[in-house]
Amino acid sequence: MDSASVDIAPGGSKSLHVYLKDVAAEQVGRQLSVTTVNEDAETEAPSYIRKVDAKHTLHVGAADDYEGYSASVTCQIAG
């Protein structure tokens with residue numbers, strides 16, 4: 001793990017982000033069973049999304065080394 005952050009939006013939704021180094025988003029997605037390609041992601045390599053339940057969504061994002069990390073995992077919690 002490289003770093004982590006928490007965001008709380010004015011509407012009450014929350015997001016927990018974990019930034020990873022030296023691991024591909026595809027590998028992390030398989031390990032977390034997040035395998036649906038996120039067509040809305042603006043990443044060069046595929047990013048993935050999985051709706052866990054009515055309030056929780058997991059995102060596994062691909063990143064480029066210039067961003068300082070290689071993949072990210074976000075748990076989005078609806079407010």
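The values are calculated or read from the model by the stated rules, or taken from the named source; none is laboratory data. What you see is a predicted model; the values in this text were computed from it and never measured. Neighbour counts are summed over all protein chains in view; Cβ atoms, including those assigned to glycine, are modelled from backbone coordinates with ideal geometry. Surface areas here come from the heavy atoms of the whole protein model, side chains and all, with no ligands, DNA or RNA. Shrake-Rupley method; radii C 1.70, N 1.55, O 1.52, S 1.80 Å.
Assorted remarks:
- Single residue of segment 3-12 satisfying the filter (in contact (Cβ under 8 Å) with a residue 60 or more places away in the chain and open to solvent by less than 70 Å² (accessible area, probe 1.4 Å)) that is nearest to residue 64 (Cα to Cα): 3
- Qualifying residue in segment 56-73 (condition: within 13 Å of residue 20 (Cβ to Cβ) and aromatic (Phe, Trp, Tyr)): yes
- Only residues that are out of contact with any Leu (no Cβ under 7 Å at 6 or more places or on another chain), part of a loop (DSSP other than H, G, I, E, B) and surrounded by 11 or more Cβ atoms within 10 Å (Cβ to Cβ) were counted in segment 34-48, giving 7.
- Residue 19 among the aromatic types (Phe, Trp, Tyr) and in contact with a helix residue (DSSP H, G or I) (Cβ under 9 Å, 6 or more places away or on another chain): yes
- Residue match in segment 52-59 (condition: outside any strand (DSSP E or B), at pLDDT 90 or above and within 12 Å of the chain's Cα centre (by Cα)): no
- Of all the listed residues (28, 73), the sole one being touching a helix residue (DSSP H, G or I) at 6+ places or on another chain (Cβ under 9 Å) and open to solvent by less than 80 Å² (accessible area, probe 1.4 Å) is 73.
- Residue pairs whose Cβ atoms lie under 9 Å apart, separated by 6 or more positions or on different chains, with the first residue in segment 39-52 and among the small types (Gly, Ala, Ser) and the second exposed (fewer than 10 other Cβ atoms within 10 Å of the Cβ) and in a strand (DSSP E or B), do not occur.
- The set of residues in segment 13-23 that are open to solvent by less than 60 Å² (accessible area, probe 1.4 Å) and either part of a strand (DSSP E or B) or closer than 15 Å to residue 57 by Cα (or both) comprises 13, 15, 17, 18, 19, 20.
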